[in-house]
Amino acid sequence: MAAVGSGGSNAAAGPGAVSAGSLEPGTASAAHRRLKYISLAVLVVQNASLILSIRYARTLPGDRFFATTAVVMAEVLKGLTCLLLLFAQKR
């Protein structure tokens, strides 16, 4: 563990080190806060639509699908959505 100096700075502050100020709540910029709420809204809508669409598809006549396949595809879609939001943030 790195030693902390008297000024509160990290003694081993190299590239990629996280400063103590960036860990404080409320220091995120407005763009980061907006992206946080957008990603939350997208994932909530995605989960709600997944449940409703699976329930609807299970009531239709015809061949059924495995529920595990639907869950795996939903997780893949969630991962892609998160990656897309991360790339949008880094842009």
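The values are calculated or read from the model by the stated rules, or taken from the named source; none is laboratory data. Quantities reported herein were computed from a predicted structural model and do not represent experimental measurements. All Cβ positions, glycine included, derive from the backbone under ideal geometry; neighbour counts span all protein chains shown. Calculation scope for accessible area: heavy atoms of the full protein, side chains included, ligands and nucleic acids excluded. Shrake-Rupley method; radii C 1.70, N 1.55, O 1.52, S 1.80 Å.
Counting heavy atoms of the protein chains only and a 1.4 Å probe, report the per residue accessible area for the range 27-90 as a whole number of Å².
82 Å²
With all protein chains present, how much of the accessible area of the range 27-90 (probe radius 1.4 Å) comes from carbon and sulfur, to the nearest whole percent?
That share works out to 72 percent.
What is the list of residues in the range 60-90 whose amide nitrogen lies under 15 Å from a point 7 angstrom out from the Cα of Leu35, following Cα to Cβ?
Hits in the range 60-90 for Leu35 at 15 Å: 81-90.
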